[in-house]
Every structure is written in C-alpha cells, then in structure tokens.
1. Could you pull out the residue among 176, 191 that is surrounded by 14 or more Cβ atoms within 10 Å (Cβ to Cβ) and either outside any loop (DSSP other than H, G, I, E, B) or in contact with a Leu (Cβ under 6 Å, 6 or more places away or on another chain) (or both)?
2. So if I check each of 108, 17, which one is surrounded by 15 or more Cβ atoms within 10 Å (Cβ to Cβ), among the small types (Gly, Ala, Ser) and without any contact (Cβ under 8 Å) to a residue 40 or more places away in the chain?
3. Identify, by number, the condition in (1) more than 22 Å from residue 83 (Cβ to Cβ); (2) among the basic types (Lys, Arg); (3) crowded, with 17+ Cβ neighbours inside 10 Å that residue 30 doesn't meet.
4. Within segment 149-165, which residues are more than 21 Å from residue 210 (Cβ to Cβ) and touching a residue at least 24 places away in the same chain (Cβ under 8 Å)?
5. Read through the list (1) buried (at least 18 other Cβ atoms within 10 Å of the Cβ); (2) closer than 30 Å to residue 27 by Cβ; (3) free of Cβ contacts under 8 Å to residues at least 40 places away in the same chain; (4) hydroxyl-bearing (Ser, Thr, Tyr), then give the number of the only condition that residue 140 fails.
6. Would you tally the residues in segment 120-146 being among the acidic types (Asp, Glu) and farther than 25 Å from residue 15 by Cβ?
7. In the set 32, 36, 69, 124, which member is hydrophobic (A, V, I, L, M, F, W, C), assigned by TED's automatic domain parsing to the domain that holds residue 7 and touching a residue at least 40 places away in the same chain (Cβ under 8 Å)?
8. Which of the residues belonging to segment 14-33 are of a type in the set (Val, Ile, Thr) and either farther than 18 Å from residue 50 by Cα or at pLDDT below 95 (or both)?
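The values are calculated or read from the model by the stated rules, or taken from the named source; none is laboratory data. Just so it is clear, the structure is predicted and the values come from calculations on it, not from any experiment. Every residue, glycine among them, receives a Cβ derived from its backbone with ideal geometry; neighbour counts consider all protein chains shown.
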Amino acid sequence: MRRIGGAVVLATPGADAAALNRTIGIGLDRPLDAPLLSEVNGFFREAGVPRWLVECGPDATIIGGPTTLTQQGGVLKTPTVKLVGDPRDVAAAPIGTVSVREIGIESAGAYRSIVAAAFGLPELIEPDLISALGHPGWHYYMAFDDERPIAGAAMFVRNEGAWLGVAGTSAAARNKGAQTALLAKRLDDAKRLGCSWVTAETAPDTPDRPNPSYRNMLRAGMRVAYLRDKYLFENDRA
C-alpha cells in the first residue's frame, strides 16, 4: 500500500484479481493528470500485478477528462454503485428460515471458504477475508440454514458511520434469503451502535447482469449516492 497524490494505492502481487489491485480516492486531494497517472501505473507495473483498476468518483478532478486515462491504456468498465442510508430509517425484513448471528474466530474457516468461493478469489487471498476478525470496529456475520453455514458478510463501524461489505453466499444456497437476512442484522446492529449512516457498494442491476444485492439494498431503503467509474489497466511487462 502506498499513498500517491493523496490516493490510496493497493497492490496484491501474485493475485490476478483487478479488484485487489486498485486505487481509492484519486483526484480528490490532488487533480489527476497524466504525470500522476503515470506514477500510479508505474507502481502497479513494478509490483508485477497483471491487472489493476483506477477508480474515479464523481468528485474527482481529472485534467483532460477521461482521455487522460484512455491514452495510457485505461479501459472503462462497469461502474461501482455507492449506496447510503440512515439505519434509523432503513430496514430489511428477513425471509424464510435463515438465521444470522455474529461470529468469532471459531467460525473464521467456514466464513473464509464460503465468501472466497462466492468472489472467485485465489487461494492466496483467502486469509485476507478474515484478517480483521476480532479487530476494533469490525463485525463478522454468518447466515445459517438450520445449522449449516451458507453465507457471510461483514460490517465496519467507526463513530457514527458503518460500512457494509465482504458478503457472499455459497452457490448451492442462493435464493434462500441469506443476504437479505445478513443485511437486516447489520442494519439493526448499526442502529443499535448509534450509527447515523451506513454505506455499501455493489455492481449495477441490469437486464443482462441482474444483481440481487443492489435490489436488496434499495428495498431496505438505501439510496444510490453516486456511480464510481472504473478504468482497467494491464501490465505489458507481466
């Protein structure tokens, strides 16, 4: 991890997963221009990662506009949807017989295997999924069908804000309401912990790529805050 031009730049050498090699907050503290982008891309190339993402939120200042990114090889991909809500005003209703409980380190292995498979993560990255388990502010949850673990999700709380993420369901247990139940539990806990806002991100919901996660959050009362553009780069040295 490095800070370049105010942005957080994350590289995961050995993992051919663009989502694990990306920038956060570029173009905010310092405008994104060709020299800054060259520095960011140079960091990833030297790290030897095959692919990485440069993500630009709507408040990012980009000198030269999208051309600045495409001239250096960036390819615009499906944007990330950022959602926000007030846990005092939003709620998800659990359905079916799925139960949810917060977990500790004793359930780390089951959580890791389920969520890693849902994301299609390489084995190298699996330990990262539970690396914050037990740390201040972090809450991990699992959904159960009877006593069989079928899904997991996490929440990070700091002051009055909560972030919802790292959620995945085993392929054999989809459409059972596990993620709806996990969302309901986390929203309830965020409210109980005194949060005044919660945020999450996911992919858009489109006819060719339906996204139940997006619909679950909208049904709970969360709203779209903005779309974050993603530009994919590839390492010609890899």
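1. The match here is 191.
2. 108
3. Among (1) more than 22 Å from residue 83 (Cβ to Cβ); (2) among the basic types (Lys, Arg); (3) crowded, with 17+ Cβ neighbours inside 10 Å, the lone unmet condition for residue 30 is (3).
4. Listed by number, the residues that qualify are 149, 152, 155, 156, 157, 160, 161, 162, 163.
5. (2)
6. 2
7. Numbers: 32 fails: touching a residue at least 40 places away in the same chain (Cβ under 8 Å); 36 fails: touching a residue at least 40 places away in the same chain (Cβ under 8 Å); 124 fails: assigned by TED's automatic domain parsing to the domain that holds residue 7.
Sole residue among the options that is hydrophobic (A, V, I, L, M, F, W, C), assigned by TED's automatic domain parsing to the domain that holds residue 7 and touching a residue at least 40 places away in the same chain (Cβ under 8 Å): 69.
8. Passing the criteria: 24, 26.
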